[in-house]
Amino acid sequence: MNIILMGCPGAGKGTQAVKLQQMFHLHHISTGDVLRAEIASGSPLGKQIAAIIDKGNLVPDEMIISMLENSVKSTDKGIIFDGFPRTVAQAQALDEMMHRLHHRITHVVMIELPQEEAVRRITSRRQCKKCGEILHIDVKNPLTKCPVCGGELYARPDDTPARAKHRFDVYRQETLPVKNYYQSSGKYVEINGYQEPQKVFEDIEKSLKKNK
Ligand code: AMP
């Protein structure tokens with residue numbers, strides 16, 4: 001099983017990818033996490049990447065594609081691609097790579113969420129520095145520490161309202177055409193993301209089992 005998880009910024013891809021990874025014993029590739037790890041390493045490449053991500057733009061296709069191949073080759077498990085492909089060129093490169101490595105994409109799952117709710121989720125999103133848990137703070141009950149491990153919480157620099165809006169523009173322009181690319185493939189399903197995360201997960205699980 002090789003799954004592509006799509007959705008607008010804030011749709012809940014990261015949360016669902018972790019649940020799917022655990023349930024189906026998959027190798028999780030989040031291109032956002034790969035890029036953030038490169039930034040955290042402090043390398044010159046990481047500095048270039050930070051400048052792009054912080055503005056809410058996409059990292060060039062060639063950079064993403066070359067970073068991905070080693071990760072795909074490093075596992076014999078099924079893969080869940082989270083946040084990739086984000087352009088039609090990336091989707092075409094993925095098809096070519098999977099074909100060359102004698103693999104194939106089996107499912108494309110699109111998590112649908114209205115923009116207003118997505119922006120609300122993005123701007124309230126906090127992540128634990130220690131365990132990576134993703135949380136949403138509430139004005140009435142602001143969290144200062146991670147409720148799972150007590151670690152420090154931080155807001156991603158690209159999660160401000162202005163950057164979130166720009167990321168939506170980029171999403172509409174660059175990533176929505178990827179939906180058309182897969183829609184007629186027979187592997188594509190849409191899931192309502194405007195529900196509790198557990199219910200979203202159950203809907204994804206059902207659709208994966210139905211389209212085995
Ligand atoms: P994410 O964690 O998936 O929300 O990604 C955070 C940011 O990383 C995005 O806003 C982009 O700047 C960059 N990024 C992640 N995945 C990709 C991709 N497949 N192609 C280009 N840029 C990406």
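The values are calculated or read from the model by the stated rules, or taken from the named source; none is laboratory data. Here the structure is a predicted model, which is why all the values come from computation and not from measurement. No Cβ is skipped: glycine too gets one built from the backbone with ideal geometry, and neighbour counts run over all protein chains shown. Note: accessible area is taken over every heavy atom of the protein model, side chains too, but ligands, DNA and RNA are not part of it. Shrake-Rupley method; radii C 1.70, N 1.55, O 1.52, S 1.80 Å.
A few points about this structure:
- Check on residue 188, crowded, with 18+ Cβ neighbours inside 10 Å, within 16 Å of the ligand (Cβ to nearest atom), under 17 Å from the mean Cα position of the chain (by Cα) and within 28 Å of residue 23 (Cβ to Cβ): no
- Index of the failed condition, residue 86 passing every other in (1) part of a loop (DSSP other than H, G, I, E, B); (2) at pLDDT below 95; (3) among the basic types (Lys, Arg): (2)
- Applying the criterion of being hydrophobic (A, V, I, L, M, F, W, C) and open to solvent by less than 70 Å² (accessible area, probe 1.4 Å) to the residues of segment 19-42, the residue that is nearest to residue 168 (Cα to Cα) is 35.
- Filtered by the rule that a residue be open to solvent by 40 Å² or more (accessible area, probe 1.4 Å) and out of contact with any helix residue (DSSP H, G or I) (no Cβ under 7 Å at 6 or more places or on another chain), segment 80-115 gives 92, 95, 96, 99, 100, 102, 103, 112, 114.
- Of the residues making up segment 131-154, those that are touching a Gly at 6+ places or on another chain (Cβ under 9 Å), of a type in the set (Lys, Arg) and either surrounded by 13 or more Cβ atoms within 10 Å (Cβ to Cβ) or outside any strand (DSSP E or B) (or both) number 0.
- Counted residues, segment 43-79 - those being open to solvent by less than 40 Å² (accessible area, probe 1.4 Å), more than 13 Å from the ligand (Cβ to nearest atom) and either assigned to a strand (DSSP E or B) or within 22 Å of residue 163 (Cβ to Cβ) (or both): 1
- The single condition among (1) polar (S, T, N, Q); (2) open to solvent by 30 Å² or more (accessible area, probe 1.4 Å); (3) not in a loop (DSSP other than H, G, I, E, B) that residue 16 does not meet is (2).
- In the set (1) within 14 Å of the ligand (Cβ to nearest atom); (2) more than 28 Å from residue 76 (Cβ to Cβ); (3) surrounded by fewer than 18 Cβ atoms within 10 Å (Cβ to Cβ); (4) among the small types (Gly, Ala, Ser), residue 118 fails one condition alone, (3).
- Contact map, segment 173-185: residues that are without any contact (Cβ under 8 Å) to a residue 24 or more places away in the chain paired with residues that are part of a helix (DSSP H, G or I), Cβ distance under 9 Å, separation 6+ or inter-chain. Pairs shown: 180/88.
- Count of segment 156-192 residues, restricted to those that are part of a helix (DSSP H, G or I) and of a type in the set (Val, Ile, Thr), is 3.
- Matching entry among 195, 127 (being surrounded by 14 or more Cβ atoms within 10 Å (Cβ to Cβ) and part of a loop (DSSP other than H, G, I, E, B)): 195
- Residue, farthest from the ligand (Cβ to nearest atom), within segment 22-42, restricted to residues that are more than 21 Å from residue 7 (Cβ to Cβ), in a helix (DSSP H, G or I) and not β-branched (Val, Ile, Thr): 40
- Only one entry of 35, 135 meets the criterion of being modelled with pLDDT of 90 or more and among the aliphatic types (A, V, I, L, M), and that entry is 35.
Here is a yes/no grid of residues against (1) more than 14 Å from the chain's Cα centre (by Cα); (2) assigned to a helix (DSSP H, G or I):
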site: 94; (1), (2): yes, yes
site: 99; (1), (2): yes, yes
site: 102; (1), (2): yes, no
site: 105; (1), (2): yes, no
site: 108; (1), (2): no, no
site: 116; (1), (2): yes, yes
site: 122; (1), (2): no, yes
